[in-house]
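Please treat every number below as a calculation from the coordinates, not as lab data. None of the values given here were measured: they were computed from a predicted structure. Cβ atoms come from the backbone with ideal geometry, glycine included; neighbour counts cover every protein chain shown.
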């Protein structure tokens, strides 16, 4: 049996001077980042590069990107400038983001409209944009078809368990409600499935 050497974590704290041992260091005035000439431009470039890295991974809303940049402790004014510039290049577009988000959630995840609108509002999309886009995507037949498909899959999953008809209906209702489907869609899906 081979013995593995334990890796020792490196820490800079062992190399930091003690405040009491170095009176000169404590007397030095620290210059804030805003006082340095030309530092604002450097911070802008740094914030813009961070924003582009985030956008390179996946699309973001303005709200999400702002929160991530502020979390990295960039100046709020610089963050506003970065977001404004990215918006002018159309790298940030909340309407396009919401449109793509809605279509992928309906087609791929088979989520209902309530869940989708809640997720978009948590991502900082304006409620009016969400309302307008959802009204474009309201295709009752597609939503019903998705609900029926989800019910069939869930029934198949629950087939090993001995559940009464009422218990099965109750579980399906909770499942579809958690997926964001309205009561009308659930009722029409149950009619098609003859439950």
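Data for the structure
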| quantity | calculated |
| --- | --- |
| Solvent-free Debye scattering, log10 I(q)/I(0), computed from the Cα coordinates of region 55-195 at q = 0.10, 0.14, 0.19, 0.20 Å⁻¹ | -0.46, -0.73, -1.03, -1.10 |
| Burial ranking of peptide ranges 54-60, 94-100 (average Cβ count within 10 Å, highest at the top) | 94-100, 54-60 |
| Peptide ranges 142-152, 72-82 listed from the most packed, as the mean C-beta count within 10 angstrom indicates | 142-152, 72-82 |
| Region 94-137 - percent relative contact order, Cα under 8 Å, separation 6 or more | 49 percent |
| Whole-number D in µm²/s for region 140-193 (Stokes-Einstein; Kirkwood sum over Cα pairs; 20 °C, 1.002 mPa s) | 193 µm²/s |
| For region 39-88: relative contact order, % (alpha-carbon pairs under 8 angstrom, 6 or more apart) | 47 percent |
